[in-house]
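Working notes for the structure below.
Nothing in this text is a laboratory measurement; each read-out follows from the coordinates by a stated rule. Just so it is clear, the model here is predicted, and its values are computed rather than measured. Heads up, the Cβs are rebuilt from the backbone with ideal geometry, glycines too, and the neighbour counts pull from every protein chain shown.
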Amino acid sequence: MAVPRLAVDRPFTYLLKEEHEAGTGSLVSVPFHGRTVKGWVLGPARTIPEGRLLGVRKVHSRVRFFDEGMLRLLLWMSERYIAPLATCIERSYPPRVVSEESLLESPATAPRSRRGPPAIEPKASERGWRRQQAAPRRPRLPDSFGRVLARYGGQQLLEPGTTTWLRPLPDEEQTVCVEAVAACLATGKRAVVLVPEVEPLPATARAVLEAFGDRAVAFLGGDARQRYRTWLHIRDGRFDAVVGTRPAVFAPLEDLGLIWISREVHPGHREDRSPYYNIREVAMARTRLEEAACLLASLVPSVETAIEAEAGAIRTARPARRLERENAPLVETVAPEAEDRSARLTALLRRARSAALIVSRRGYGVARVCRSCGDPAACAVCRGPVIIERGQAICRVCGSAGVCANCGSDSFGVERGGIERVAEWAARTAPGPVLVESSIGQQPSPLMPGVVVGMAAAVKDVGPLRLDLVGILDADRALLRPGVHAGEQALATWMEAAAWAGPRSEEGGRVLVHTRRHGHPAIQALVRWEPLPFLLAEARARAEAGFVPGHSVFRVAGSTALGESLPAAGAASVLATAVEGGTLCLVTVPPKDLARFRKEILRLAGQGDVTRVEAEPQL
Ligand SMILES: [Zn+2]
Ligand SMILES: [Zn+2]
């Protein structure tokens, strides 16, 4: 039932007539509690309930939105994230644009795939969305392909049912992806490449699309019509490789051989709406169910990947340590002075033709004191800190115009620091032009004369670069940011940016890190170009704080009864807060108790005691 509520999250049985020509994955309308409600056909009923069986009223489309294999994945998601199956199904394909289906429905105009039937299900086909003998397919790639992949284990990476953390050499990130996809296609299977962002098109995505021409498709960005049309075409079997963002993890490809996840730690890989899935987990589940391989490619893996790799639960593919070291950038550390500057930075910047300066603070500075009444500066609406950005005082928390909470003045004494201030200063120091917040990839020339000042979001997958200088200007502040994932994300950002200085063996660029904590494991990880010890330390720290890596985290809202019922169902309560008329609970659940916990949540939802469940909340 297309009713996204846990309380009614179970299958219902209806009579589906043969002349409807519908089956698993069909979108239908059925009578439900005196109304007509949309729903999807999940398959034939195992048992027929007693009493009169109501009939399906309408079949909306001849498109089947999932097959049995995809349904298994969606059921897994619904269990894992304690989300209604309806919500999981709705996230698995783009919103329908009905006219796109009617275009396909005329046999004269129906585009046919090279090897499959048209997108619309042929009569009485009950076996998934498409079943057709695969014609032999050969990649159109030169023989030299595979040489880079061999460094990482070659064909072994594609072993069905395996997950591997692959740590590319910075210059090989795109090549090794293209070669892995080529190796997958060479076996007659298909591949999905997942990237965290759309703009600018990540270099990995571009490399795959260019290498495979019309055998590959970009399933990212675009308007609703374009997205739906692309989805229909993928389902139609037109493409062997799909490159996309989160939703592409559900790409309706048959004969899946590989899912590649680029930059695994990137926050863009997590869905912010119910069912709040992380594509790492979904991709691993899908490849397990469909006997494909999952490759997590990143300079810095997630803490979860690091501990599973350490335990041998997932494989590791890295080039020889010697190669990693030779290809690592040269990193030096120095203590920062005022406004995140240092004499060393000035000296390096003066002769840098190209540089990227990474800062973790927005704006021009932080308001410290009201110039009219002398009170400490704080937002009049929420008491949050006030910053100066583009010449305006604004609250960093709620975004209100920054005025003094005491007297209403908007004139503050400011402590300078932040990307705008750094850019202002760099413009007086560096020989070339200075840009703020731009991503390096948008530069017209890969040599990028000039300086870019940006925050973590400016660090994108732009392919190999050779900058004279990469500055991480406030590393200590970045490490202090709140959030369970702050440490791993900071290190990932630093390593990806640091790689822009090129390998130390070339003696070209260098990386300067401002820190007063030279011995901090994250700083040491960057200097030594080895992330694992830091990530394993993070895992221990998380476990001590109550968040054991590998255990699920849920934020559950509901009645005051929750405080007692959730721990009874196997959850370790981390935090329970009384909110208006109820309770908000933060709980962790070990994998072995997840099924029992879910059952209890469904029961509580049924009696109105649970109103909302959020899996893996951003903490
Ligand atoms: Zn505020
Ligand atoms: Zn004031």
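Numbers for the structure displayed
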{"read-out": "Three-way shape call for the stretch 1-59 based on the alpha-carbon gyration tensor, with the a/c threshold at 1.5", "value": "rounded"}
{"read-out": "Cα centroid of the stretch 328-373 to Cα centroid of the stretch 568-582, whole Å", "value": "43"}
{"read-out": "Tilt relative to the chain, helix 203-212 - C-alpha long axis, 0 to 90 degrees, to 10", "value": "50"}
{"read-out": "Percent of beta bridges antiparallel (DSSP, the stretch 341-460, rounded to nearest 5)", "value": "65"}
{"read-out": "Net charge contributed by nearby residues that have their C-beta within less than 10 Å of A457 (K/R +1, D/E -1)", "value": "-1"}
{"read-out": "Percent antiparallel among DSSP beta bridges (both partners in the chain, rounded to 5)", "value": "50"}
{"read-out": "Long-range tail of P(r) for the chain (Cα pairs > 33 Å, %)", "value": "53"}
{"read-out": "Extended-chain gain in nm, criterion 0.36 nm per residue less alpha-carbon gap, H60 and V334", "value": "92.2 nm"}
{"read-out": "Radius ratio Rg over Rh of the stretch 475-569, counting only Cα atoms, Kirkwood formula for Rh", "value": "1.16"}
{"read-out": "The chain, dipole about Cα centre (Lys/Arg Cβ +1, Asp/Glu Cβ -1), debye to the nearest 20", "value": "720"}
{"read-out": "Over the chain, relative contact order from alpha-carbon pairs under 8 Å, at least 6 apart, %", "value": "12"}
{"read-out": "Prolate/oblate/rounded call for the stretch 17-96, Cα gyration tensor, a/c under 1.5 rounded", "value": "prolate"}
{"read-out": "Helical contribution to [θ] at 222 nm, DSSP H n ≥ 4, -39,500 (n - 2.57), averaged over the chain, rounded to 500", "value": "-8000 deg cm²/dmol"}
{"read-out": "From the C-alpha gyration tensor of the stretch 575-616, square roots of 5λ in Å", "value": "19, 14, 7"}
{"read-out": "Aspartates and glutamates whose Cα lies under 17 Å from that of K58, excluding same-chain neighbours fewer than 8 positions away", "value": "E18, E19, E21, E101, E121"}
{"read-out": "Sequence of H20, H266 once ranked by neighbouring C-beta atoms within 10 Å, starting from the fewest", "value": "H20, H266"}
{"read-out": "Tensor-based shape of the stretch 249-364 (alpha-carbon gyration tensor, a/c under 1.5 rounded, otherwise prolate or oblate)", "value": "prolate"}
{"read-out": "Of V422, V193, V97, farthest towards positive along the dipole that unit charges on Lys, Arg, Asp, Glu beta carbons give the chain", "value": "V97"}
{"read-out": "Ellipsoid equivalent to the stretch 243-290 - semi-axes via the Cα gyration tensor, in Å", "value": "18, 12, 10"}
{"read-out": "Residue order, fewest to most beta carbons within 10 Å, for M495, M284", "value": "M284, M495"}
{"read-out": "Burial ordering of C407, C294, fewest other beta-carbon atoms within 10 Å first", "value": "C407, C294"}
{"read-out": "Long-range HN-HN contacts of A293 with modeled amide H, under 5 Å", "value": "G161, L258, I259"}
{"read-out": "Where GluC sites (Glu not before Pro) in DSSP loops with at most 11 other Cβ within 10 Å are excluded, longest remaining stretch of the chain", "value": "51-506"}
{"read-out": "Folded to 0 to 90 degrees: helix 224-235 orientation relative to the chain principal axis, Cα", "value": "60"}
{"read-out": "Hull volume in cubic angstrom per residue (convex hull over the Cα atoms of the stretch 203-292)", "value": "104"}
{"read-out": "Crossing angle, helix 594-606 versus the chain [Cα axis fit, 0-90 degrees, rounded to tens]", "value": "70"}
